[in-house]
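The values are calculated or read from the model by the stated rules, or taken from the named source; none is laboratory data. Here the structure is a predicted model, which means the values were calculated and not measured. Cβ atoms come from the backbone with ideal geometry, glycine included; neighbour counts cover every protein chain shown. For the accessible areas, the whole protein counts, side chains as well, though only heavy atoms, and no ligand, DNA or RNA atoms are used. Shrake-Rupley method; radii C 1.70, N 1.55, O 1.52, S 1.80 Å.
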Amino acid sequence: MAVPAGAQAASMPVQKIAWGDCTGDAAEDKEIRCADLSVPVDWHRPRDQRTTVRLAKLPAQNSAQRVGSLLVNLGADGATAEHLPGKEKEELAELTQWFDVIAFDARGRGGSDGVTCDTGPAYTALMFSGDKQTWDRFVRDNRTWEAACRKAAGPLADNLDSWQVAHDMEAIRKALGEGRLTYYGNSYGTVFGKAYAELFPTKVHRMYLDSVQDHTSRSPMRALAPMAELARDKFERFGQWCETDSACALHPHNAREVWDQLMAKARRDPLPAPDAGQGKTVGPTQLRLNAFLSVPKASRWPQFAQALAKARAGNASELHITPSDVPTGIRVDGLAWCADFPFSQGWAGMATIERRLHAIDPRVGRLMAKMSYGRCVGLRHQGSFPPHTIAPQGLPPVLLVGGLRDNTTPPAGGRLLAGQLPGATWIDADSDHAVYLSGNRCVRDIVHRYLRTGDRPASGHVCPA
């Protein structure tokens, strides 16, 4: 399908970008310039209905040093332009030594012309339940939400996948007047990069992919198993941290072992949580939810260890949280995710996956299945651009980086993609998710040199923390 659509796109007249003042959060930052680019709702039918894609520009600091434009999407909900003011602007500021940094909001999201959908049913409750009644109720609720959201989205609802976004990126390249595209994609932004590399390989100048979302295999287990393994390893590291660091409230005890003891006790009799209200208690589900939210991020370890210490002393109030307290309902970005990462298994299929993940990590590993795919459960319209291997011809060398401690986008998936890109360089970093944004100096220096000159270290290079 890509060949005729690409040919049609090539015949479309090239637009000029009219940069102006921004709206919303960016309105007060006069350094940031914004624009809307008109693109087809469906690139298979480029002369039919139109939609707009929001762009935001951080201009290069010095025109004499300017190399060109760098298109950026940092993932998450796909709305990088909308989020550019503030922290993300600071994280990208170094790049403006050489580039006009051009952030874009993926179609239908953020400031791009799109859809306002009510939030769908929260799938956190689904994550902590294994019974079929909960599953069936969630399927009904999710389908009701999908019908309403698709009605609000109109024709855009069927055209939110990364195949369409890649064609938007090609339109942006042309509108910027760049002969070839230089791109930085982070997390979900790497799926956009993979799609662009597949569809427009000869139009790539340089491409940096950070924390790669694996879009190469249709097997959920292939994606989920490394996530469960890293969750297990992080729990082990958390436990060892408390053994060796007096800053831990449980020192010198192993925090993982303390959690296990509290879990065994809560299964027999819920832990009292008097400060949470009269008669309030903490049971196994709440203990597991706290671990799921806290263990993956080392910055949360001190607070979690303190809460465990208090629970061991008889007051589990700081652990009193329920799945309904954690918002995980989906909106338009959920439709896009399920277009790229469909989940067609029913309750029995999900139960089988969870059992296999439980064998890898019985504490929080099995939760990874519904965390990743719960948003897609029961949706009728999925998989317009499902995961697949690629073999792009004429693609220049791509730079990919993964964090060795990243259980959101484990490096195993990034290595799979790197193996499919001719001449690609893969670098490991002793880091968590979003390596460049975290400020890793080694990675930043490599990325800056690559984007400016194309120079890269040999594959297998490891950047320290």
Inter-part gap, Cα centre of the range 226-290 to Cα centre of the range 398-432, in whole angstrom, is 31
Under a point-charge model restricted to the Cβ atoms of Lys and Arg (+1) and Asp and Glu (-1), what is the dipole moment magnitude of the range 66-210 relative to its Cα centre, in debye to the nearest 20?
-> 300
By the gyration tensor of its Cα atoms, with a ≥ b ≥ c the square roots of the eigenvalues, what is the shape of the range 101-255: rounded for a/c under 1.5, prolate for a/b over b/c, or oblate?
-> oblate
If you project the alpha carbons of the range 71-145 onto the principal axes, what extent comes out on each, in Å, largest first?
-> 56, 27, 17
Binned at 10 Å from zero, the C-alpha pair distances of the range 127-174 give percents of 22, 28, 26, 18, 6, 0
The range 285-411, dipole about Cα centre (Lys/Arg Cβ +1, Asp/Glu Cβ -1), debye to the nearest 20 | 340
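For the chain, what does the helix formula give at 222 nm: sum of -39500 (n - 2.57) over DSSP H segments with n ≥ 4, over the residue count, nearest 500 deg cm²/dmol? Can you show the working numbers first?
Numbers: 15 runs with 179 residues, N = 465.
Value at 222 nm, helices only: -12000 deg cm²/dmol.
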Heavy atoms of residue 347 accessible to a 1.4 Å probe, total area in Å² rounded to 10 | 90
Hey, rough spin-label estimate for residue 217 and residue 462, points 7 angstrom out along Cα→Cβ, what's it come to in nanometres?
-> 2.3
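Using the C-alpha atoms of the range 32-180, what convex hull volume per residue, in cubic angstrom, is computed? Each step should come with its number before you reach the end.
Numbers: hull volume 20.2 nm³, N = 149.
In the range 32-180, the Cα hull volume divided by residue count equals 135 Å³.
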When ligands, DNA and RNA are left out and all protein chains stay put, how many square angstrom of accessible area per residue does the chain have with a 1.4 Å probe?
-> 41
About the Cα centre of the chain, how large is the charge dipole given +1 on each Lys and Arg Cβ and -1 on each Asp and Glu Cβ? Please answer in debye to the nearest 20.
-> 800
Acute angle (nearest 10 degrees) that the helix 347-360 long axis makes with the longest principal axis of the chain, alpha-carbon atoms | 70
Rank by packing, highest mean first: peptides 331-344, 80-93, with packing defined as the count of other Cβ atoms within 10 Å averaged across residues.
-> 331-344, 80-93
Could you state, as a whole-number percent, how many of the C-alpha pairs of the range 317-457 are farther apart than 19 Å?
-> 67
Can you give me the Cα centroid spacing of the range 76-114 and the range 293-367 in angstrom?
-> 28
Between Rg and the Kirkwood Rh of the chain, both from Cα atoms, what is the Rg to Rh ratio?
-> 0.98
Unit-weight point scatterers at every alpha-carbon of the range 276-320, Debye formula, q = 0.15, 0.20 1/Å: log10 I(q)/I(0) is -0.35, -0.60
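Suppose accessible area is computed on protein heavy atoms with a 1.4 Å probe; arrange 28, 229 from highest to lowest. Could the numbers behind the result be given before it?
Details: 28 170, 229 75 Å².
My answer, sorted largest first, is 28, 229.
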Which order do peptides 164-175, 271-282, 122-133 fall in by mean Cβ count within 10 Å, highest first?
-> 164-175, 122-133, 271-282
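Rounded to whole Å and ordered largest first, report the semi-axes of the equivalent ellipsoid of the range 193-268 derived from its Cα gyration tensor (root of 5λ). Provide the component values of the computation, followed by the final result.
On the way: eigenvalues 355, 61, 10 Å².
Equivalent-ellipsoid dimensions as semi-axes: 42, 17, 7 Å.
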Looking at the square roots a ≥ b ≥ c of the eigenvalues of the Cα gyration tensor of the range 369-411, which shape do they give, rounded for a/c under 1.5, prolate if a/b is larger than b/c, or oblate?
-> oblate
Mind checking the angle between helix 132-153 and the chain's longest principal axis? C-alpha axes, 0 to 90 degrees, to the nearest 10.
-> 30
Going by alpha carbons, how many degrees (0 to 90, nearest 10) lie between the helix axis of 2-11 and the longest principal axis of the chain?
-> 50
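In the range 47-205, what percentage of the DSSP-assigned beta bridges are antiparallel, given to the nearest 5? Each step should come with its number before you reach the end.
Values: 5 of 15 bridges.
Percent antiparallel among DSSP bridges in the range 47-205 is about 35.
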Residue (of 401, 299, 364) at the positive-pole extreme of the range 264-405, dipole from beta-carbon charges | 364
Please give, to one decimal in nm, the separation of the simple spin-label points placed at residue 144 and residue 31, each 7 Å out from Cα toward the Cβ.
-> 4.8
